[in-house]
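A.B. asks: One structure, as structure tokens, below. Some questions next.
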């Protein structure tokens, strides 16, 4: 096994480990938020207002900038 193949193998392991951690983080965050809304600890309209605040304060991306207009919300 050459050094390049070893490096690619290690890189693959790093990417797979990162994807598991990232997926677990998002799944836990979404689950906790869903439980908070279900138990009325957080109001859904309040979350919608928070989203609106972020959308207004965030710099607008447009296709004229050369970047696709993608929102995470």
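Coordinate-derived values only; no laboratory data. This one's a predicted model, so the numbers in the text were calculated from it and none came from an experiment.
A.B. asks: Calculate, in nm to one decimal, what residue 35 and residue 14 gain on full extension: separation in residues at 0.36 nm each, minus their alpha carbon distance.
C.D. replies: Length gained between residue 35 and residue 14: 4.4 nm.
A.B. asks: On to the next question. Shape of region 1-60 from its Cα gyration tensor (a ≥ b ≥ c, root eigenvalues): rounded if a/c is under 1.5, otherwise prolate when a/b > b/c, or oblate?
C.D. replies: In terms of gyration-tensor shape, oblate.
A.B. asks: Would you mind calculating the gained length between residue 43 and residue 2 on full extension (0.36 nm times residue separation, minus the Cα-Cα distance), in nm to one decimal?
C.D. replies: Stretched out fully, the residue 43 to residue 2 stretch lengthens by 9.1 nm.
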